[in-house]
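Down below is the structure, laid out as structure tokens.
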Amino acid sequence: MRWILIVFVTALPVPLFCGSVVLENSTIKAVFNENTGALQQLISKKDGWYLQKRPELGRSFRLDIPLSHQRFNPVFGEEQPPPQIRHEKNGKRLRFQWKNVRSKNGGRLAVDFTGVAELTDDGLIFTAEIDNRSFHTVETVHWPILGDLSRPQPDALFSQLGMDYGGMKSLQLFPKFDNMPGYFAVDYPTQMLQTPDTPFSLITAPARGLYVGYHDTTAAHLVQFMARLKPGYLGYEFWDSGENPKGDSLAGQPVHLEFSVLHFPFFNGGESGKLQPVVLVPFQGSWHRGADIYKKWRQSWFQSPAKPDWLQQVHAWQQIHVNNPENDVRYSYRDLLKIGADCARHNVGALQITGWTIGGQDGAYPSHDTDPHLGTRTNFAEVIAQIQKMGVKVILFNKYTWADRVSPWYESELIRYTTKDPYGDPHYYGGYAYQTPTQLAEINTHRFSPLCHLSPAWRQVACGEFLKSIELGADGMLYDENQHHGDSRYCFDATHKHHVPAHIYAGDTRLATDFHEISNPKKADYLFAGEGNYDLQFREYHLSYFRVDLNHVALHRYVAPYQEMMIPVSGYNDRNMINLALMNRYIISYEPRNFKGRLDEFPQTIEYGKKVDRLREKLSAYLWHGVFQDTLGATVLSDGKIYTNYSVFIDPNCGKKAVVVVNYSYELPVEVGIGFADKTKKWTVATPENPVPLVFSGIVNIPVNSAVVVIEK
């Protein structure tokens, strides 16, 4: 008789392996290969998610160190001799050091890389030091790298989220992958979020995620949160999208998402430096829980500038455009008295005047001289004072980002202050076309070059232009396009008295600080407003103005509930955009005819806006001074399904809630039920049309393009 022995083997989620060093606490386990320094496993212990799953796909670091004859010269951590490893802080910190790294095309280089991984109560923190004794530049560093970022649910949506222009940028990782570079530029589909637009990336799946934060407040370097799909798409839809493979292998190659934090320090030969902390924290719940991690760190350094008193009350603005580069004069300085009177009559608290400078909006910048086509400087100052006497604040549209290449001033002086590329040429920006068929066809559009705010000489010139504006007596400025520099990131001009190269965004705070030093003694409550401020800019700017659509997710409002934010309302019966402002505590900027018309041109919009602001005044403890919670704290259903167009506010003094629910449909009313965890509390309901609260039964019908507010008694 022949016996058959059957052995049952239980498969482990990840194979066991030796030669590793481990950092572990109650929430995170990180396993590193002691021979390569590669992060082989990263486990969220609370929910069992293997964020880095397959050990064989683990990565350690990558440097890019161009040679004089060949710029492509990567250094891969896994191809180095084993690092020296030091255990520090009672085993909670690992220090990996690689000396004289070996590059792909340049052999050994006199460059040392020291990577540090530390496990604290705040998360898994990665820092690094580079000692560059070579003659080359260490341009970029990937650290840390998750070589196999795994999905916790095989078929569920997997995304990368970040802040962007007042809202949320969402990039899909699975089932499709959003590619950003040209297909010709890379081997694999690639996407990235970048600082300072967003200080973090949230890798999200249903009910869980991974927070990856760059905890730096200097903007000294560009940092990208980069994901790549390897080996590539199962099938292309277009160059920027395709279908992901669903299995573990494709054409004999492992299928995996590689995620890295990419730093651009540009450490030149003979320089050494450090990389600021990257913090990894798994979280459970919606994206809000990931954003809460950033909010907690933000509280450790953020301090808002003192706001003008009037800005903190419920109010609205109007923006009016008076001229453009084609000299299409809409209003003289004197004509603005009529616009100011409109604002006073409609209880609009502030008037933003755009295109008042010579050359009109987006012409002749950075000059802030008045334009003789509109009147004299004395005329304008008198008009500003008269509008202020009507009870309307006056805000001037200013811009210091660009040098107009058409202007004679450009060739005579400004070109010296422009940001330069590695070849010594000024960076280029396409500019904006206005009104005439010739310009709308981009035939005679004014082209720009960005100005380097790190240049002390340029900042001195900019301060002179700012002084021209503030001496007109206005209540503040809105610095348009303060949040970006086009596609330019680094300046290579050695005459600017900064490191070569330097991250241009590091100069934004310096310029704003110089402006404050001018405004403080002249007008202590002078308003600093900007366009789409990235979060670091709220240390200098009181208000951020940006444009949104109805799919807008108010991520920046959630992160910064007490910073002032404003959106335009331009439609002739633009109830939906007004309701969006109500839902997200945004100031309304009335902009009839694309900010070229008068308020009486859209009576339905202005009347509804006034009703909404009266309701916000009545319920200001919630809707204006309350803490914005996005959708946390209530459940809204329609036809038994989750309804998403709502927000929750909490009165910080008593802890009570208000819920704003809106209906964006132009065709159908919607019936919603609103549920709360505490069933014993009583609620009332109010609307802009009927602001007196009535008893709320739990279900409410919302007409088309309308809003309701449910308030805790």
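Would it be correct to say that residue 144 is surrounded by 23 or more Cβ atoms within 10 Å (Cβ to Cβ) and under 27 Å from the mean Cα position of the chain (by Cα)?
Values: surrounded by 23 or more Cβ atoms within 10 Å (Cβ to Cβ): yes; under 27 Å from the mean Cα position of the chain (by Cα): yes.
Here the answer is yes, as residue 144 does meet what is asked.
Taken over region 238-265, the criterion of being out of contact with any strand residue (DSSP E or B) (no Cβ under 7 Å at 6 or more places or on another chain) and farther than 23 Å from residue 209 by Cβ is satisfied by 238, 239, 240, 247, 249, 250, 251, 252, 253, 254.
Counting only strands (runs of 3 or more DSSP E) that sit wholly inside region 154-262, those with at least 3 residues that are farther than 19 Å from residue 140 by Cα are 158-164, 167-174, 200-205, 208-214, 235-238, 241-243. Return yes or no: is residue 344 closer than 24 Å to residue 567 by Cα, surrounded by fewer than 20 Cβ atoms within 10 Å (Cβ to Cβ) and of a type in the set (A, V, I, L, M)? Yes, satisfied.
Residue 63 - would you say it is out of contact with any helix residue (DSSP H, G or I) (no Cβ under 9 Å at 6 or more places or on another chain) and either modelled with pLDDT of 95 or more or under 28 Å from residue 135 (Cα atoms) (or both)? Spelling it out, it is not the case that residue 63 is out of contact with any helix residue (DSSP H, G or I) (no Cβ under 9 Å at 6 or more places or on another chain) and either modelled with pLDDT of 95 or more or under 28 Å from residue 135 (Cα atoms) (or both). Flag: residue 172 matches the condition of being surrounded by fewer than 19 Cβ atoms within 10 Å (Cβ to Cβ) and either over 13 Å from the mean Cα position of the chain (by Cα) or of a type in the set (Asp, Glu) (or both). Of all residues in region 579-596, those satisfying the criterion of being more than 19 Å from the chain's Cα centre (by Cα) and assigned to a loop (DSSP other than H, G, I, E, B) are 591, 596.
Among residues that are basic (Lys, Arg) and buried (at least 22 other Cβ atoms within 10 Å of the Cβ), residue 598 is not included. For region 466-473, state whether one or more residues are over 19 Å from the mean Cα position of the chain (by Cα), in the same structural domain as residue 516 (by TED's automatic domain parsing), more than 15 Å from residue 515 (Cβ to Cβ) and not aliphatic (A, V, I, L, M). Checked against the condition, which is being over 19 Å from the mean Cα position of the chain (by Cα), in the same structural domain as residue 516 (by TED's automatic domain parsing), more than 15 Å from residue 515 (Cβ to Cβ) and not aliphatic (A, V, I, L, M), region 466-473 yields at least one hit. Among all positions in region 101-124, there is no residue which is touching a residue at least 60 places away in the same chain (Cβ under 8 Å) and touching an Asp or Glu at 6+ places or on another chain (Cβ under 6 Å).
For region 347-382, a residue qualifies if it is surrounded by 23 or more Cβ atoms within 10 Å (Cβ to Cβ) and more than 31 Å from the chain's Cα centre (by Cα), and the qualifying residues are 371, 374, 380. Against the test of being touching a Phe, Trp or Tyr at 6+ places or on another chain (Cβ under 7 Å), free of Cβ contacts under 8 Å to residues at least 60 places away in the same chain and not small (Gly, Ala, Ser), the options 193, 202, 222 yield a single qualifying residue, 193. Within region 633-683, restricting attention to residues that are in contact with a Phe, Trp or Tyr (Cβ under 9 Å, 6 or more places away or on another chain) and part of a loop (DSSP other than H, G, I, E, B), which residue is nearest to residue 580 (Cα to Cα)? In this case the residue turns out to be 645. Only residues that are surrounded by fewer than 21 Cβ atoms within 10 Å (Cβ to Cβ), among the aliphatic types (A, V, I, L, M) and closer than 19 Å to residue 144 by Cβ: list them for region 99-126, please. Selection gives 116, 125.
Across region 204-232, the qualifying residues are those that are over 18 Å from residue 259 (Cβ atoms) and more than 21 Å from the chain's Cα centre (by Cα), and the one among them that is surrounded by the most Cβ atoms within 10 Å (Cβ to Cβ) is 207.
Count of region 225-235 residues, restricted to those that are in contact (Cβ under 8 Å) with a residue 40 or more places away in the chain and over 24 Å from residue 211 (Cβ atoms), is 3. Of all residues in region 602-640, none satisfies the criterion of being of a type in the set (Lys, Arg) and modelled with pLDDT under 95.
Among the residues of region 59-87, those identified as in contact (Cβ under 8 Å) with a residue 24 or more places away in the chain, farther than 17 Å from residue 140 by Cβ and in a strand (DSSP E or B) are 85, 87. Residues considered: 678, 639, 651. Of these, the only one that is free of Cβ contacts under 8 Å to residues at least 60 places away in the same chain, over 20 Å from residue 550 (Cα atoms) and under 30 Å from the mean Cα position of the chain (by Cα) is 651.
The values are calculated or read from the model by the stated rules, or taken from the named source; none is laboratory data. Given the structure is predicted, the values throughout are model-derived calculations rather than measurements. Quick reminder, even Gly has a Cβ in these numbers, built from the backbone with ideal geometry, and neighbours come from all protein chains shown.
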